[in-house]
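One structure is given below, encoded as C-alpha cells.
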Amino acid sequence: MVVEQVSVFVENKPGRLSKVTKILGEAGINIRALSIAELGEFGVIRLIVDKPHEAKAVLTNSGFTVGVNRVLAIEMGDEPGSLARIASALGDAGVNIDYAYAFVARAKERAVLIARVDDIKRAEEVLSREGIRLLSAEELQSL
Amino acid sequence: MYWDRKAETIQQEELEELQLRRLRAIVDYCYRNSRFYRSKLKEAGVHPGELRRLEDLARLPFTTKEDLRENYPFGMLAVPREEVVRIHASSGTTGKPTIVAYTKKDISTWAELMARVLTCAGVTKRDTIQLIYNYAFFTGGLGFHYGAERVGAAVIPSGVGNSERQLLTMRDLEVTAFSSTPSYALYLAEFARERGIDVGEFSLRTGIFGAEPWMRQRIEEAYGIKAYDNYGLSELCGPGVAVECDARQGLHVWSDHFLLEVIDPESGEVLGPGEKGELVFTTLTKEAMPLLRYRTRDISMLIDEPCECGRTHPRIARLMGRSDDMLIIRGVNVFPSQVEHVLLQFPEVAEHYQIVVDRRRSMDVLRVKVEVTERIFRGEPEELLRLKRELEEKLRSVLGIRAEVTFVEPGTIPRSRGKAQRVVDLRKG
Ligand SMILES: [Zn+2]
C-alpha cells in the first residue's frame with residue numbers, strides 16, 4: 001500500500017515555497033504534509049496532498065518541474081519508541097530509508113510517518129509482520 | 001578508397017616541396033596582380049623573393065574578414081573581371097557583406113577537392129546523393145553539387161525546406177547519401193518520426209555534415225548511416241577544405257591547396273601540433289581571390305600523426321569554437337562550443353543552458369546553468385546530484401578547468417536567437 005508524493009524542483013531563492021503553496025491553495029488542493037530537501041543552490045519540496053495528479057498539473061502549468069513518486073505512509077502509535085520500532089524493523093530487513101518526515105493529523109490525533117524506502121515491497125512485508133499499519137491514499141485523505 | 005591516390009598519399013617531403021613551390025608562386029602572383037596585397041606586403045616589408053622556406057610564411061601579414069569587407073566588392077580580385085565565372089556572397093551579419101569570386105580553373109579545382117571529400121565519405125558513382133542546401137548565394141549547395149557530379153554520383157539538388165518532399169524524395173529515389181546542416185538532419189528525422197516514418201529504413205548509408213557543432217551519434221542512429229564531418233568556409237572556396245576519412249580521428253586538410261597554420265589568437269604566434277588555436281589558411285592555387293594567411297577565427301588544433309587511412313595530409317581536430325567566443329578563465333582558453341559538445345552528450349539535458357563567468361574572491365568561476373525538466377527530474381534530488389557530478393567531471397576533463405553545474409527552474413534562462421547570449425561574462429575589468 002503506497003501513497004503518492006509530489007516533488008517540486010525549486011531554486012533556492014526566496015518566495016518559492018509560498019508560491020507553490022499558493023498555487024495549490026488556489027486550486028483547492030489540501031496539503032497534508034510537507035518537507036523540504038535543501039541541496040545548495042536548489043531544493044526539492046515534497047508534498048503529501050489529497051489530489052497528487054491535480055497538484056502536478058497545476059504546478060506544471062505554472063512552470064514548475066514536478067515529479068510524482070511512491071512513498072509509504074506508516075501509522076505511528078502514540079506509545080514512546082514507535083519510530084524506533086519502525087526504523088529497526090526496516091533496518092533489520094535490509095531496507096534503506098532514503099528519507100522520512102512525520103506529521104500529526106489534528107482531527108484524529110494520529111501521527112503518520114512518510115518514508116521513502118529503496119524496497120517498497122520488502123518494507124510492506126516487514127511492517128505488516130510487525131503489526132505496523134500502512135495507510136492508503138484514501139485513509140490519508142480522510143485524516 | 002581515394003579519389004586522387006597520388007595527391008592524397010603524397011610523401012611528406014614531396015608535399016612540402018610542392019607547398020613551397022606553390023607558396024612562392026602565389027605570393028609572387030599576389031604581389032603582381034593584387035593591389036591590396038602589393039601594398040600589404042610592402043607595408044610589412046616582405047618581398048616575394050625572400051620566401052626561401054615554408055617557415056618564412058610567418059613573416060607575411062595576416063588577412064582578415066575585415067579586409068574582405070573593406071574591399072567589398074572587387075577590391076580583393078587578382079584577375080580581370082572578365083576572368084570571373086562565378087560569384088558567391090555571404091550575408092553580412094555584422095555590417096557589409098563579402099563576396100568570393102572564382103575563375104574557371106578555381107571552379108574546377110574546387111570540384112576536384114569536393115570529389116576528394118565525397119570519396120572520403122564513401123560516395124561513389126553508384127550513389128544517389130541528395131543535397132539539402134540553400135543554393136542561393138551560399139557555397140554549400142553548388143560546392144557539393146559539382147563535387148558529386150565529378151565523382152559521378154546521381155545528384156538531387158533538393159534545396160532547403162518542404163520537409164515532406166525531402167523525405168519522399170529520399171525514400172522514393174532510394175537516396176544513399178545526403179548532405180545538409182546537422183541541425184536540419186536532426187529536424188528532418190524528428191519530422192519523419194512524428195509522422196510514423198522511420199528514416200532508418202531508407203536506403204541511406206552515408207552523410208556529410210559540418211558548419212556547426214554536431215553530435216555524430218544522434219544523426220547516425222536516426223538514419224542508420226555513417227556520418228562524416230567536413231570543414232570549409234566561403235572565403236577559401238566553400239566546403240572542400242578538410243574532411244574526415246573512415247578513421248574519423250580528425251579532418252584531413254587538403255594542404256596541397258590550402259596551407260594551414262594554427263596560431264594563438266591573442267599573440268598571433270604560430271603554435272605546434274596538439275595546441276589549441278585559430279586556424280589560418282593560405283590558398284596555394286586560387287586565381288580569382290587568393291588569400292594569404294587568412295584568419296578564419298575557427299579554433300581547432302593540428303594532429304600531426306600518420307593516419308590509418310594512408311592519406312598524408314595533416315589533420316585538424318573537429319572544430320572547438322570561434323576565436324570571437326573565446327573566454328579566458330583562470331588563464332585557460334575556453335570555448336562555449338566545448339561546453340555545448342559536452343551537454344550534447346547528455347540527451348536528457350534540455351537545449352536551454354547558459355554559461356556564466358563570474359569572479360568570486362578574485363577567482364574566476366565558470367558556471368553552467370541547466371534548466372531542470374521532467375527529463376532529468378522525476379522527483380528525487382539524487383537524480384540531479386548524479387547528473388551534476390557526471391556533467392562536472394566531463395566538463396573538467398574537456399575544458400581543463402573546474403566548472404560548476406547549477407540547476408535552475410524551467411523557462412528562467414533567457415531565450416534568444418543568437419547563440420552569443422548563451423554566455424554571460426560578469427567579470428569586471
Ligand atoms: Zn585518414
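We did not get these values from a lab; they are worked out from the coordinates using the rules stated. Remember, it's a predicted structure, so these values are computed and weren't measured experimentally. Please note: Cβ atoms are built from the backbone with ideal geometry, for glycine as well, and neighbour counts cover all protein chains shown.
Convex hull volume of the Cα atoms of segment B:327-425, normalised per residue: 99 Å³.
What shape does segment B:85-191 have by the C-alpha gyration tensor, where a ≥ b ≥ c are the square roots of the eigenvalues, rounded means a/c under 1.5, and otherwise prolate means a/b greater than b/c and oblate the rest?
oblate
Computed over neighbours whose Cβ is under 12 Å from that of B:Leu18, the net charge equals -1, Lys and Arg +1, Asp and Glu -1.
Based on the Stokes-Einstein relation at 25 °C and a viscosity of 0.890 mPa s, and on the Kirkwood radius from alpha carbon pairs, chain A is assigned a translational diffusion coefficient of 155 µm²/s.
Sequence gap at least 6, Cα distance under 8 Å: using those rules, report the relative contact order of segment B:327-425 to the nearest whole percent. Can you show the working numbers first?
On the way: 133 pairs, mean separation 32.6, N = 99.
Across segment B:327-425, relative contact order equals 33 percent.
A convex hull fitted to the Cα coordinates of the protein assembly as shown yields 197 cubic angstrom per residue.
FRET efficiency for the B:Arg53 to B:Thr124 pair, using the beta carbon distance and R₀ = 35 Å, is estimated at 0.30.
Based on every Cα atom in segment A:70-142, Rg and the maximum pairwise Cα distance Dmax equal 11.5, 35 Å. For segment B:228-294, the Kirkwood hydrodynamic radius comes to 12.7 Å, computed from all pairs of different C-alpha atoms.
Electrostatic bookkeeping for A:Val117 treats Lys and Arg as +1 and Asp and Glu as -1; over the other residues with beta carbon under 13 Å from its beta carbon, the sum is -2.
For the listed residue pairs A:Lys51/B:Lys388; B:Lys96/B:Lys125; B:Lys65/B:Lys105, the alpha carbons are over 29 angstrom apart in A:Lys51/B:Lys388; B:Lys96/B:Lys125.
For the residues B:Arg193, B:Arg52, A:Arg32, what sequence is obtained by ranking on other C-beta atoms within 10 Å, fewest first? Please report the intermediate quantities before stating the final value.
Working: B:Arg193 13, B:Arg52 9, A:Arg32 17.
Least crowded to most crowded, the residues run B:Arg52, B:Arg193, A:Arg32.
Within the listed set B:Phe138, B:Phe258, B:Phe74, the residue fluctuating most in the Gaussian network model of chain B (springs between alpha-carbon atoms under 10 angstrom) is B:Phe74. Each of A:Ile120 and A:Asn30 was given a label point 7 Å from its Cα along the Cα-to-Cβ line. The distance between the two points is 2.3 nm. Anisotropy class assigned to chain B is oblate, per the alpha carbon gyration tensor with a/c at or over the 1.5 cut-off and a/b no larger than b/c. When chain B is treated as a Gaussian network with alpha carbon springs shorter than 10 Å, the biggest mean-square fluctuation among B:Tyr187, B:Tyr102, B:Tyr223 belongs to B:Tyr187. When each of B:Lys388, B:Lys104 is scored by the number of other beta-carbon atoms lying within 10 Å, the sequence from fewest to most is B:Lys104, B:Lys388. Between B:Arg427 and B:Ser362, the modelled labels are 1.4 nm apart [label points 7 Å from Cα along Cα→Cβ]. Taking R0 as 45 Å, what's the FRET efficiency between A:Val104 and B:Val398 from their Cβ-Cβ distance, rounded to 0.05? That pair, A:Val104 with B:Val398, gives E of 0.30.
Seen from B:Pro314, the other residues with C-beta closer than 13 Å to its C-beta sum to a net charge of -4, counting Lys and Arg as +1 and Asp and Glu as -1.
Modelled spin-label separation between A:His53 and A:Ser136, with each label point placed 7 Å from Cα along the Cα-to-Cβ direction: 1.7 nm.
Report, in deg cm²/dmol and to the nearest 500, the calculated mean residue ellipticity at 222 nm for the protein assembly as shown, where each DSSP H run with n ≥ 4 adds -39500 (n - 2.57) and the sum is divided by the residue count. Mind dumping the intermediate values first?
Numbers: 16 runs with 178 residues, N = 572.
So the helix-based figure for the protein assembly as shown works out to -9500 deg cm²/dmol.
Measuring nothing but how far apart in sequence close Cα pairs (under 8 Å, 6+ apart) lie, relative to its length, chain A scores a relative contact order of 27 percent.
Comparing Cα centroids, segment B:178-197 and segment A:9-39 end up 40 angstrom apart. Exposure proxy ranking for A:His53, B:His252, based on other Cβ atoms within 10 angstrom of each Cβ and starting from the fewest, stands as A:His53, B:His252. Considering only alpha-carbon pairs that sit under 8 angstrom and 6 or more positions apart, the relative contact order computed for segment A:3-69 is 47 percent.
Kirkwood hydrodynamic radius for segment A:3-69: how many Å is it when counted over pairs of different Cα atoms?
Values: mean 1/r = 0.0859 Å⁻¹.
Hydrodynamic radius (Kirkwood, Cα only) of segment A:3-69 equals 11.6 Å.
When chain A is treated as a GNM with alpha-carbon contacts under 10 Å, the residue of A:Ala105, A:Ala55, A:Ala73 showing the greatest mean-square fluctuation is A:Ala105.
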